Amino acid sequence: MSITQQHLLDAYRARTLGEPAPPAPGTHDRQVVREGRDARRFRAVLAGRPARQGLRDALSRWRRRPT
């Protein structure tokens, strides 16, 4: 069963039971990624490490490296 079929089945069940429909697949993906990134940065700060920006910091370090 695909994720779309599962969502349609869940929406049908919710409608027949009078409950609110579940969110569509992928609706909250950006929020989940953002919260994971924030949690990782927070854990780094608690451990005494600098909270890096990830790709942005890596690219700037690569650009500044001696040739």
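The values are calculated or read from the model by the stated rules, or taken from the named source; none is laboratory data. From a predicted model like this one, the values you see are computed outputs, not experimental measurements. Here Cβ is always computed from backbone atoms with ideal geometry, including for glycine, and neighbour counts include all displayed protein chains. Accessible surface areas use protein heavy atoms only, side chains included; no ligands, DNA or RNA. Shrake-Rupley method; radii C 1.70, N 1.55, O 1.52, S 1.80 Å.
What is the helix-to-structure angle for 29-46, meaning the angle in degrees between its Cα long axis and the longest Cα principal axis of the chain, kept from 0 to 90 and rounded to the nearest 10?
40 degrees
What list of ³J(HN,Hα) values in whole Hz, one per residue of region 50-55 in order, does the Karplus curve 6.51 cos²θ - 1.76 cosθ + 1.60 (θ = phi - 60°) give from phi, with Gly and Pro shown as x?
Karplus values, whole Hz, x for Gly and Pro: x, 7, 7, 8, x, 4.
Taking N as the number of residues in region 1-40, what is its alpha-carbon radius of gyration divided by 2.2 N^0.38 Å?
1.51
Of Trp62, Thr4, Ala47, which is farthest towards the positive pole of the chain's charge dipole, taken about the Cα centre with +1 and -1 on the beta-carbons of Lys, Arg and Asp, Glu respectively?
Trp62
Mean residue ellipticity at 222 nm from the helices of the chain, using -39,500 (n - 2.57) per DSSP H segment of n ≥ 4 over the full residue count, to the nearest 500 deg cm²/dmol?
Values: 3 runs with 43 residues, N = 67.
The helix contribution divided over the chain gives -21000 deg cm²/dmol.
Return the Cα extents of the chain along principal axes one, two and three, sorted largest first, each rounded to a whole Å.
Taking max minus min along each principal axis of the Cα atoms, the chain gives 64, 29, 16 Å.
Taking only protein heavy atoms and a 1.4 Å probe, what accessible area per residue, in Å², does region 8-61 have with all protein chains in place?
On the way: 4680 Å² over 54 residues.
The answer is 87 Å² per residue.
Just to verify a number: FRET efficiency for His28 and Thr4, C-beta to C-beta distance, R0 = 22 Å, to 0.05?
0.85
Ignoring ligands, DNA and RNA, please state the percent of accessible area on the chain from carbon and sulfur, probe 1.4 Å.
56 percent
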